[in-house]
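Colleague: What follows is a structure written as C-alpha cells; I'll ask about it next.
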Amino acid sequence: MVSEKLNLWYCDIFVAQPWQFFFLLVALAGAFFYGRGQHKLGWTLIGIWVAVTITFSALTNFVFSCNME
C-alpha cells in the first residue's frame, strides 16, 4: 500500500496538472522527424512517449488512488 503523503503528492503533481498534454509534443516531434526522413529519431521519440505514457497510466490506475472529487 502506498502512503497517503506519497499518494497525495503523486495525484497533485502528475494527475491534476496538464503536463500530459505538453508531453504530447514529444510524440509530435517524433512524427515531424519521421516525416522529414529521420525515421530512427522519429521512432525513438514516439517510443519514449509510449513507454512513459503507459507507465504513468499504469501507476495512476493500479498503484495510486486519485479521487478528484
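Every number in this text was worked out from the coordinates using simple rules, so none of it is lab data. Quick caveat: nothing in here was measured; it's all calculated off a predicted structure. No Cβ is skipped: glycine too gets one built from the backbone with ideal geometry, and neighbour counts run over all protein chains shown.
Colleague: When the chain is fully extended, how far beyond the present Cα-Cα distance does Ala51 get from Gln20, taking 0.36 nm per residue of separation?
Modeller: Numbers: separation 31, 0.36 × 31 = 11.16 nm, distance 1.31 nm.
Between Ala51 and Gln20, full extension yields 9.9 nm more.
Colleague: Follow-up question, since we're still on this one. Each residue of region 30-45 in order: what ³J(HN,Hα) in whole Hz does its phi give by Karplus 6.51 cos²θ - 1.76 cosθ + 1.60, θ = phi - 60°, with x for Gly and Pro?
Modeller: Computed from phi, the couplings for region 30-45 are x, 5, 4, 5, 5, x, 8, x, 9, 5, 5, 5, x, 5, 5, 5 Hz.
Colleague: A further question follows. What's the FRET efficiency of Thr60 with Phe32 using the Cβ-Cβ distance as r and R₀ = 25 Å, to the nearest 0.05?
Modeller: On the way: r = 28 Å, r/R0 = 1.12.
It comes out at approximately 0.35.
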